[in-house]
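Presented below is the structure to which this report refers.
The values are calculated or read from the model by the stated rules, or taken from the named source; none is laboratory data. If you're wondering where the values come from, they're calculated on a predicted model, not measured in any experiment. Heads up, the Cβs are rebuilt from the backbone with ideal geometry, glycines too, and the neighbour counts pull from every protein chain shown. Side chains are part of the model used for accessible areas, which takes the heavy atoms of the whole protein and leaves out ligands, DNA and RNA. Shrake-Rupley method; radii C 1.70, N 1.55, O 1.52, S 1.80 Å.
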Amino acid sequence: MKVLLTGATGFVGPAVARRLRARKDALRVVTRDPATATQALGQDVEIARLDDPPAKLFEGVEAVVNLMGEPIFGKRWNDAQKKKIRSSRVDGTRKLVDGMRSLPPAARPKAMVSGSAVGFYGARGDEELDESGSIGVGFLADVCREWEQAALEAEALGVRVTTLRTGVVLGRFGGALAQMLPIFRLGLGGRIGSGRQWMSWIHRDDLAGLIVFALERDAVRGPLNGTAPHPVRNAEFTKALGKVLKRPTALPVPPLGLRAAFGESASILVEGQRVVPRRALEAGYVFQYPTVTEALAEATRP
């Protein structure tokens, strides 16, 4: 199978590329930086740009994995940053689908897995949320709604679309842990506020596995929660991270301090969702790292 991959040089993209190449799938990556993509993924991947003519971009492509998007956390959400976050996801996805629309039906991909996030559900307290959960309120919920709608337009073109609502991704050398580990390794980490807010997480290897799983199975379409089967409260996550690092975690982080430092984007850490991957489990996906302790132990290895 030939797969078109966007977001190939992000935190998750290389793991997806490794999975696909291990299966002997052909890979074409969409990137603005061919040199970085080639260095990260190898000389044998095909390089494309989003503004290539659709006939060239999608030539021979049977499936699309769409992971493009400006990082959500790490910068304050001023108007300019919010525009980048939205445009990189919504407008980029629309451009992909418009390219498919311009092709003859026989030349279109058969399936697309397109990114989304558990932010779709908004802050919901202790409510357990599977894929039937309603949309929440707030900036991230609005972005996810538009992002998914843009991807789902491909269904009218005969493309099977899965929208992957991803939680906090854990893995070595990047992602959320890259910002947490320096503090926790100094013994200065701790729960956020009361620590009762839920964290819906997934190991990067499982997320990559779930993406390939969704590409392979015709029955998997529509929303799919990209989270591990056991969400945890922030206090439990903090305790597990301290345990694998053999460091104390006695210093709580005041929510007001986070909001002062990160502004509106601190809501990702202060609030939360209790999301479960019902559809993945029903479809038969077996998680490699089902518990947060197992995931953190692997993700913090040198």
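Mind listing whichever residues of segment 40-54 are loosely packed, with under 14 Cβ neighbours inside 10 Å and within 22 Å of the chain's Cα centre (by Cα)?
Arg49
How many of the residues in segment 139-160 are surrounded by fewer than 24 Cβ atoms within 10 Å (Cβ to Cβ), over 21 Å from Lys83 (Cβ atoms) and in contact with a helix residue (DSSP H, G or I) (Cβ under 7 Å, 6 or more places away or on another chain)?
Counting residues in segment 139-160 that are surrounded by fewer than 24 Cβ atoms within 10 Å (Cβ to Cβ), over 21 Å from Lys83 (Cβ atoms) and in contact with a helix residue (DSSP H, G or I) (Cβ under 7 Å, 6 or more places away or on another chain) gives 4.
Within the group Ala235, Ala228, Ala178, Ala208, which residue is among the hydrophobic types (A, V, I, L, M, F, W, C), more than 15 Å from the chain's Cα centre (by Cα) and at pLDDT 95 or above?
Testing whether each residue is among the hydrophobic types (A, V, I, L, M, F, W, C), more than 15 Å from the chain's Cα centre (by Cα) and at pLDDT 95 or above leaves just Ala235.
Can Thr93 be described as within 19 Å of Thr166 (Cα to Cα) and surrounded by fewer than 22 Cβ atoms within 10 Å (Cβ to Cβ)? Working first, answer last.
Numbers: within 19 Å of Thr166 (Cα to Cα): yes; surrounded by fewer than 22 Cβ atoms within 10 Å (Cβ to Cβ): no.
No, not satisfied.
Give the number of residues within segment 112-130 that are open to solvent by 10 Å² or more (accessible area, probe 1.4 Å), part of a strand (DSSP E or B) and over 10 Å from Arg165 (Cα atoms).
Going through segment 112-130 one residue at a time, the tally reaches 1.
So which residues in segment 1-13 are open to solvent by 10 Å² or more (accessible area, probe 1.4 Å), of a type outside the set (Val, Ile, Thr) and within 20 Å of Phe73 (Cα to Cα)?
Here is the first cut: in segment 1-13, the residues open to solvent by 10 Å² or more (accessible area, probe 1.4 Å) are 1-2, 7, 9-12.
So of that shortlist, the ones also of a type outside the set (Val, Ile, Thr) come out as 1-2, 7, 10-11.
Those that are open to solvent by 10 Å² or more (accessible area, probe 1.4 Å), of a type outside the set (Val, Ile, Thr) and within 20 Å of Phe73 (Cα to Cα): Gly7, Gly10, Phe11.
Go through segment 226-285 and give me each residue that's open to solvent by 20 Å² or more (accessible area, probe 1.4 Å), without any contact (Cβ under 8 Å) to a residue 60 or more places away in the chain and either polar (S, T, N, Q) or touching a Lys or Arg at 6+ places or on another chain (Cβ under 7 Å) (or both).
Arg233, Ala235
Can you name every residue in segment 55-86 that is open to solvent by 40 Å² or more (accessible area, probe 1.4 Å) and assigned to a helix (DSSP H, G or I)?
Across segment 55-86, the qualifying residues are Ala55, Lys56, Asp79, Ala80, Lys82, Lys83, Lys84, Arg86.
Please go through segment 192-205 and pick out each residue that is modelled with pLDDT of 95 or more and either open to solvent by 20 Å² or more (accessible area, probe 1.4 Å) or not small (Gly, Ala, Ser) (or both).
Hits for segment 192-205 are Arg196, Gln197, Trp198, Met199, Trp201, Ile202, His203, Arg204, Asp205.
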